[in-house]
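Q: I have a structure I would like to understand better, so I am pasting it below and will then ask my questions one at a time.
The values are calculated or read from the model by the stated rules, or taken from the named source; none is laboratory data. Quick caveat: nothing in here was measured; it's all calculated off a predicted structure. Note that we place each Cβ from the backbone using ideal geometry, even for glycine, and neighbour counts take in every protein chain shown. Heads up: the accessible areas ignore ligands, DNA and RNA and are worked out on the full protein's heavy atoms, side chains in. Shrake-Rupley method; radii C 1.70, N 1.55, O 1.52, S 1.80 Å.
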Amino acid sequence: MTIHHVAIIGGGFSGALQAINLLRHQGPRATLIERRDAAARGVAYSAAHPDHLLNVRANNMSALPQEPDHFERWLAHRHPALAGGFAPRLVYGDYLAELLDDARRAAPERLDLVQGEAVDVTRDGEGWRIVLGDGCMVAADAIILAPGNLPPHIPGGIDPGALPMGSFAAEPWSGDIADGLIDTDQVLVIGTGLTMIDIALLLDARGFSGRIIAVSRRGLSPRAHAPVKPSALDERPLPEAIALLRHARARSNDVGWRAAVDELRPYTEGLWAAADIDQRRRFLRHLRAWWDVHRHRIAPQVAAKIDAMRAEGRLEIVAGKLIGADPEEKGSRVRYRPRGQDDLVELSVRRIFNATGPQGDLLRTEEPLLRKLLARGLIRPDPLRIGIDVTRQSEVIGADGGLFPNLLALGPMTRGTFWEIVAVPDIRRQTWAVARRLSNAHWVGGEGL
């Protein structure tokens, strides 16, 4: 069959950029379905505060792989004072929204925006039929799933229903996180990664001057960007994902750790693909936390603010395991075991924030559409249960191992196949490749030609 119409479910960064790329490739007509009020922004670029900055410099944040300086030029025109540095995430949301608006104005007959929630997907001959929450239906020759980052799982030891109302924030961006807090309060953040950084900055911006305790198994937090002299490897590193950190450590003696990590960027997807399932599991269990804090860095001014909060005693980052939380009159009594110790630490906190990072296990998701697709065998978890199982061409793999070449998935939920697929530079390449493929796609009897 020829692909005339593509439906994209999810209008955050991945989905919106896929729609833009289909238009730029002169590809099939597209319908972008987004349940939020506005497309293109997603949670990352809509629920942010002006103090939340991008984690990558503007010169590497172009949404268009063929125009690597596109965002930098846009920023110089719209916000010249921000050019060359780390732009606010809200400003990047404006950039993406403008890109989508421009694409739609240039070809209004080829892109429809639908505000609504896709609640079911069924086969319709060789194509698909999407059911929306209001009962409307969208027919399409191909579907692209772009769910973005799913909400984090509830950490072990936490029973939200047993805690006082408002004392546990399962999703930190669902409301004003500082509402009801006073300066004598303590709060607990479960997780010490990028979400913890966002929470600390937002609490500070909202005027909260109480104490923030952040706990994770290793107590690692993101490192800061700094000026770095680019370097390149003379030869491809060993094809073992487990060796990534070892290689970076060895190279850091020569070029510095930042350059050592950066020079692996062209190889990480290939190394991940070449690793067997045991190597991947070992990497996730033992090295992922170390890799993430060096690979996904924060802007220097953000790091300076976090360091100041720690020096003032307003933010404490500890290594330990959460054991449990019991209700108290004004919050919760939490217990955690510091890393390497037997005795538990107990403290009273007014609020607990879940910053454990996005979930990926389809068997635990509460997303209605993903649950239905899973129940029907149209999708399956990847072997590591960190996302949707897809091929290197982003085709979804069904429960029986069969391929659906006109059912694809994009973005962070394809990390099991691509691993490095959470940042703009990675997703822009994926959406570009999918758009090019769909623009030339012809299938007969469900088999790609």
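Q: What net charge do the residues around A30 carry, taking every other residue with its C-beta under 12 Å from that of A30, with Lys and Arg at +1 and Asp and Glu at -1?
A: Working: positive: R24, R29, R104, R110; negative: E109, D112, D141.
Net local charge, A30 excluded: +1.
Q: Could you grab the relative contact order for the chain? Cα pairs under 8 Å, six or more apart, rounded to a whole percent.
A: Details: 900 pairs, mean separation 93.6, N = 449.
That works out to 21 percent.
Q: State the percentage of accessible surface on the chain attributable to carbon and sulfur atoms; use a 1.4 Å probe and exclude ligands, DNA and RNA. Kindly include the intermediate steps, with their values, before the conclusion.
A: Values: 9660 of 19960 Å².
Its accessible area is 48 percent carbon and sulfur atoms.
Q: Could you check the spin-label model distance between S209 and H4? Points 7 Å from the Cα along Cα→Cβ, value in nm.
A: Simple spin-label model gives 6.6 nm for this pair.
Q: Where nothing but the Cβ of Lys and Arg (+1) and of Asp and Glu (-1) is charged, how large is the charge dipole of region 346-428 around its Cα centre, in debye to the nearest 20? Intermediate results must be reported in sequence, preceding the final value.
A: Numbers: 11 positive and 10 negative charges, 47 e Å.
Once rounded to the nearest 20, the dipole reads 220 debye.
Q: Right, next: In whole angstrom, how far apart do the alpha carbon centroids of region 153-202 and region 381-397 sit?
A: Each part's Cα centre sits 31 Å from the other's.
Q: In region 41-94, if every C-alpha pair distance is counted and binned at 10 Å from zero, what percent goes to each bin?
A: It works out to 28, 57, 15, 0, in whole percents.
Q: While we're on this one: I'd like the FRET efficiency for L347 and A304, computed as 1/(1 + (r/R0)^6) with the beta carbon distance as r and R0 of 35 Å, rounded to 0.05.
A: 0.80
Q: According to the square roots a ≥ b ≥ c of the eigenvalues of the Cα gyration tensor, what is the shape class of region 114-190, taking rounded for a/c under 1.5, prolate for a/b larger than b/c otherwise, and oblate for the remainder?
A: Cα axes put region 114-190 in the prolate bin.
Q: By what distance, in whole Å, do the Cα atoms of region 8-147 stretch along each of the three principal axes, largest value first?
A: The Cα atoms of region 8-147 stretch 52, 31, 21 Å along their principal axes.
Q: Another one. How far is it, in nm, from the label point at H77 to the one at R282 when both lie 7 Å from their Cα along the line to the Cβ?
A: 5.1
Q: What's the local net charge at L194, with K and R +1, D and E -1, over the other residues with C-beta under 10 Å away? Working shown, then result.
A: Numbers: positive: R297; negative: D198, D292.
Computed value for this residue: -1.
Q: Let me ask you something else. Sort the following peptides by mean Cβ neighbour count (other Cβ atoms within 10 Å, averaged over residues), highest first: 377-383, 270-276. Don't jump to the answer; show the numbers that get you there.
A: Numbers: 377-383: 18.6, 270-276: 16.1.
Descending packing order for the listed peptides: 377-383, 270-276.
Q: Calculate the FRET efficiency for K330 and A289 from the Cβ-Cβ distance with a Förster distance of 30 Å, rounded to the nearest 0.05. Walk me through the numbers before you get to the answer.
A: Working: r = 33 Å, r/R0 = 1.09.
Efficiency for this residue pair is about 0.40.
Q: Would you please state which residues of region 311-329 a label at D183 would reach in this model, taking the label point 7 Å out along Cα→Cβ and a backbone N cut-off of under 19 Å?
A: Residues 311-316 fall inside that zone.
Q: Also, quick follow-up: Just need the relative contact order of region 56-147 here, percent rounded to a whole number, with Cα pairs under 8 Å and 6+ apart.
A: Relative contact order, region 56-147: 14 percent.
Q: Then there's this: Just want the answer: with Cβ charges of +1 for Lys and Arg and -1 for Asp and Glu, which residue in P160, A97, V131 is farthest toward the dipole's positive end in region 95-198?
A: Final value for the positive-end residue is V131.
Q: Residues with beta-carbon under 10 Å from that of L132, excluding L132: net charge, scoring Lys, Arg +1 and Asp, Glu -1?
A: -2
Q: Given points 7 Å out from each Cα along the Cα-Cβ axis, report the D120 to L220 separation in nanometres with one decimal.
A: Going by the 7 Å Cα→Cβ label model, 4.4 nm.
Q: Place a point 7 Å from the Cα of D37 along the Cα-to-Cβ direction; which residues of region 102-118 have their backbone N under 18 Å from it?
A: Answer for this model: 114-117.
Q: OK, next. Place a +1 charge on the Cβ of each Lys and Arg in region 294-339 and a -1 charge on the Cβ of each Asp and Glu, then give the dipole magnitude about the Cα centre in debye, rounded to the nearest 20. Please list the in-between numbers first.
A: Working: 11 positive and 6 negative charges, 61 e Å.
Charge dipole, region 294-339, about its Cα centre: 300 debye, nearest 20.
Q: Hey, another quick one. Just order 280-286, 193-199 by mean Cβ neighbour count inside 10 Å, highest at the front, would you? Mind showing how you got there, number by number?
A: Working: 280-286: 15.6, 193-199: 22.6.
My ranking of the peptides, most packed first, is 193-199, 280-286.
Q: While we're looking at this one, here's another question. Could you give the dipole magnitude of region 280-357 about its Cα centre, charging the beta-carbon of Lys and Arg +1 and that of Asp and Glu -1, in debye to the nearest 20? Numbers along the way, then the final one.
A: Working: 18 positive and 10 negative charges, 130 e Å.
The dipole of region 280-357 has a size of about 620 debye.
Q: Hey, another quick one. I'd like the FRET efficiency for E366 and A232, computed as 1/(1 + (r/R0)^6) with the beta carbon distance as r and R0 of 51 Å, rounded to 0.05.
A: Approximately 0.70, to the nearest 0.05.
Q: Spelling out what I want: for every residue of region 219-226, take phi, set θ = phi - 60°, compute 6.51 cos²θ - 1.76 cosθ + 1.60 (Karplus), and round to whole Hz; glycine and proline get x.
A: x, 8, 10, x, 7, 9, 5, 7
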